[in-house]
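Have a look at the structure below, then the notes.
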Amino acid sequence: MNNLRRILKWLGIGLGSLVGLLALAFVLLYLIGSAKLNKKYDITVNAVAVPADAQAIQRGKHLATAIFICTRCHTESLGGEVSYVVPGMLSIPTPNLTSGAGGVGRFYTDADWVRAIRHGVGHDGRALFIMTSKPFHFMSDEDLGALIAYIKSLPPVDNLLPERRVEPLGRLMMGAGIFPPFAADQIDHTSPLPPAPPPGVTAAYGQYLSHTCSECHGANLNGAPFGPPGQEVPTPNLTPGGELGSWSEEGFIKTLRTGITPSGRQLNDEMPWKFYGQMTDDELRALWLKLQSLPALGQGG
């Protein structure tokens with residue numbers, strides 16, 4: 001009987017210690033996740049000229065809808081919506097960018113726009129959540145100025161959106177590094193930007209246009225894990241080592257215009273072909289040249 005009591009006693013101590021360690025780990029990860037969410041970034045913003053002429057605004061509209069596809073997340077009117085929701089974990093609105101009620105355009109300065117788009121940092125100095133500033137960081141000053149000019153020209157949309165909310169479980173997962181890092185943590189904010197190539201049907205200009213592709217298809221464009229944590233699937237390999245190796249330029253352009261591949265496969269709507277399909281023929285040819293210039297890599301992800 002005494003032996004049994006001693007065994008039960010030590011089992012109780014062991015279980016209590018384990019529960020205590022788990023509770024401590026939860027608290028530590030929660031605090032780390034909260035610190036990441038509330039971290040302030042001191043970003044020195046280089047001034048960008050923001051034009052006001054109709055040609056620049058039209059260029060900005062093209063950038064917002066076809067190349068950097070702001071309208072995919074912020075909606076066609078750029079009035080924003082609550083689109084990233086995981087019950088019990090987080091709720092992240094894509095902000096209203098206009099000057100209407102609830103819109104950041106009411107108070108954003110040109111420097112604020114540059115900081116948000118190029119650096120992924122909001123007006124309050126915190127990292128923007130689910131903001132693809134990593135590829136936007138390489139946007140030329142001319143294109144960035146045109147994009148800001150277009151956003152500022154938009155009619156106001158009254159759309160009051162809730163603040164972003166990250167529940168304890170979401171903060172715990174963020175502290176554990178399960179969520180992808182913020183764009184603000186992946187950008188070298190002090191390095192000089194490479195000069196942007198002039199627009200044209202060249203692989204160099206295709207490289208400039210392809211920066212957003214790397215967000216889903218990986219740095220080498222040969223595919224990368226995509227999807228919610230624990231449910232990731234590899235994105236397609238865009239190098240000649242993947243399906244595109246058997247395509248023609250005409251087939252590539254037709255695929256992005258129609259969403260149907262040369263083999264007759266319907267592209268998933270997770271692939272924003274409806275936006276990229278609005279590129280000009282010359283832009284799509286430049287992008288094709290870039291993809292065809294890549295080494296034939298195996299499937300990544």
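With respect to T190, determine if the residue is in a loop (DSSP other than H, G, I, E, B) and open to solvent by 40 Å² or more (accessible area, probe 1.4 Å). Reasoning before the result, please.
Working: in a loop (DSSP other than H, G, I, E, B): yes; open to solvent by 40 Å² or more (accessible area, probe 1.4 Å): yes.
The answer is yes for T190.
Taking the condition part of a loop (DSSP other than H, G, I, E, B) and open to solvent by 60 Å² or more (accessible area, probe 1.4 Å), does I178 pass? Walk me through it before giving the result.
Working: part of a loop (DSSP other than H, G, I, E, B): yes; open to solvent by 60 Å² or more (accessible area, probe 1.4 Å): yes.
For I178, the condition - part of a loop (DSSP other than H, G, I, E, B) and open to solvent by 60 Å² or more (accessible area, probe 1.4 Å) - is met.
Is it fair to say H123 is under 30 Å from T190 (Cβ atoms) and buried (at least 20 other Cβ atoms within 10 Å of the Cβ)? First the steps, then the outcome.
Working: under 30 Å from T190 (Cβ atoms): yes; buried (at least 20 other Cβ atoms within 10 Å of the Cβ): no.
Here the answer is no, as H123 does not meet what is asked.
For region 55-86, which positions are open to solvent by 80 Å² or more (accessible area, probe 1.4 Å) and of a type in the set (A, V, I, L, M, F, W, C)? Even if it seems obvious, please write down each step before you answer.
In the first step, residues of region 55-86 are kept if they are open to solvent by 80 Å² or more (accessible area, probe 1.4 Å); the result is 55, 58, 61, 72, 76, 85.
The answer is V85, and nothing else.
Starting from residues that are assigned to a helix (DSSP H, G or I) and touching an Asp or Glu at 6+ places or on another chain (Cβ under 9 Å), keep the ones in region 209-239 and report whichever is farthest from A296 (Cα to Cα).
Here is the first cut: in region 209-239, the ones assigned to a helix (DSSP H, G or I) are 209-217.
Within this subset, residues satisfying the condition of being touching an Asp or Glu at 6+ places or on another chain (Cβ under 9 Å) are 209, 216.
On the way: L209: 20, C216: 18 Å.
Among those that are assigned to a helix (DSSP H, G or I) and touching an Asp or Glu at 6+ places or on another chain (Cβ under 9 Å), it is L209.
For residues that are more than 15 Å from the chain's Cα centre (by Cα) and in a helix (DSSP H, G or I), tally how many sit in region 44-64. First the steps, then the outcome.
Pass one, region 44-64, residues more than 15 Å from the chain's Cα centre (by Cα): 44-63.
After this cut, where a residue has to be in a helix (DSSP H, G or I) as well, the list is 54-63.
Looking only at that region, the number is 10.
Pull out all pairs, ordered by first then second residue, where Cβ-Cβ is under 6 Å, the residues are six or more apart or on different chains, the first lies in region 37-57 and is under 25 Å from A176 (Cα atoms), and the second is surrounded by fewer than 15 Cβ atoms within 10 Å (Cβ to Cβ).
K40/G125; Y41/G125
Within region 123-140, restricting attention to residues that are modelled with pLDDT of 90 or more and aliphatic (A, V, I, L, M), which residue is farthest from S210 (Cα to Cα)?
Going through the qualifying residues, I end up with A127.
Please go through region 87-114 and pick out each residue that is over 16 Å from the mean Cα position of the chain (by Cα), of a type outside the set (V, I, T) and open to solvent by 50 Å² or more (accessible area, probe 1.4 Å).
Selection gives P87, G88, S99, R106, F107, D110.
Which is more than 15 Å from the chain's Cα centre (by Cα), more than 26 Å from T132 (Cα to Cα), small (G, A, S) and at pLDDT below 95, of G245, G223, G230, G251? Walk me through how you get there before you give the answer.
Working: G223 fails: more than 26 Å from T132 (Cα to Cα); G230 fails: more than 26 Å from T132 (Cα to Cα); G251 fails: at pLDDT below 95.
Only one candidate passes the filter, namely G245.
In region 126-141, what count of residues is obtained for those that are in a loop (DSSP other than H, G, I, E, B), out of contact with any strand residue (DSSP E or B) (no Cβ under 8 Å at 6 or more places or on another chain) and either aromatic (F, W, Y) or surrounded by fewer than 22 Cβ atoms within 10 Å (Cβ to Cβ) (or both)? Talk me through it step by step, then tell me what you get.
Just the residues of region 126-141 that are in a loop (DSSP other than H, G, I, E, B), to begin with: 128-132, 137-140.
Subset that is out of contact with any strand residue (DSSP E or B) (no Cβ under 8 Å at 6 or more places or on another chain): 131-132, 137-140.
Subsequent filtering for residues that are either aromatic (F, W, Y) or surrounded by fewer than 22 Cβ atoms within 10 Å (Cβ to Cβ) (or both) retains 131-132, 137-138, 140.
Residues flagged as in a loop (DSSP other than H, G, I, E, B), out of contact with any strand residue (DSSP E or B) (no Cβ under 8 Å at 6 or more places or on another chain) and either aromatic (F, W, Y) or surrounded by fewer than 22 Cβ atoms within 10 Å (Cβ to Cβ) (or both) within region 126-141 amount to 5.
Give L289, L238 a once-over and let me know the one that is touching a residue at least 24 places away in the same chain (Cβ under 8 Å) and in contact with a Cys (Cβ under 9 Å, 6 or more places away or on another chain).
The match here is L238.
Restricting attention to region 259-301, report how many residues are part of a helix (DSSP H, G or I) and open to solvent by less than 60 Å² (accessible area, probe 1.4 Å).
Quick first cut of region 259-301, residues part of a helix (DSSP H, G or I) only: 273-276, 281-292.
Retained after the next criterion (residues that are open to solvent by less than 60 Å² (accessible area, probe 1.4 Å)): 273, 275-276, 283-284, 286-288, 290-291.
Total meeting the criteria: 10.
Just to be sure, is L144 of a type in the set (A, V, I, L, M) and open to solvent by 10 Å² or more (accessible area, probe 1.4 Å)?
So L144 fails the test.
Considering every residue within region 193-204, establish whether at least one is in a helix (DSSP H, G or I) and either over 29 Å from Y30 (Cα atoms) or free of Cβ contacts under 8 Å to residues at least 40 places away in the same chain (or both). Reasoning before the result, please.
As a first pass, look at region 193-204 and keep what is in a helix (DSSP H, G or I): 203-204.
From what is left, the residues that are either over 29 Å from Y30 (Cα atoms) or free of Cβ contacts under 8 Å to residues at least 40 places away in the same chain (or both) are 203-204.
Within region 193-204, one or more residues are in a helix (DSSP H, G or I) and either over 29 Å from Y30 (Cα atoms) or free of Cβ contacts under 8 Å to residues at least 40 places away in the same chain (or both).
Could you list all residues from region 193-227 that are open to solvent by less than 50 Å² (accessible area, probe 1.4 Å), under 28 Å from G122 (Cα atoms) and of a type in the set (G, A, S)? Step through it out loud before you land on a result.
Taking region 193-227 as the starting set, the residues that turn out to be open to solvent by less than 50 Å² (accessible area, probe 1.4 Å) are 196-197, 200, 203, 205-206, 208-214, 216-218, 221-224, 227.
From what is left, the residues that are under 28 Å from G122 (Cα atoms) are 196, 208-214, 216-218, 224, 227.
Of everything in region 193-227, those that are open to solvent by less than 50 Å² (accessible area, probe 1.4 Å), under 28 Å from G122 (Cα atoms) and of a type in the set (G, A, S) turn out to be A196, S210, S214, G218, A224, G227.
The values are calculated or read from the model by the stated rules, or taken from the named source; none is laboratory data. Just so you know, these numbers come straight off a predicted model, no measurement behind them. So basically every Cβ, Gly included, is an ideal-geometry build from the backbone, and we count neighbours across all protein chains shown. Heads up: the accessible areas ignore ligands, DNA and RNA and are worked out on the full protein's heavy atoms, side chains in. Shrake-Rupley method; radii C 1.70, N 1.55, O 1.52, S 1.80 Å.
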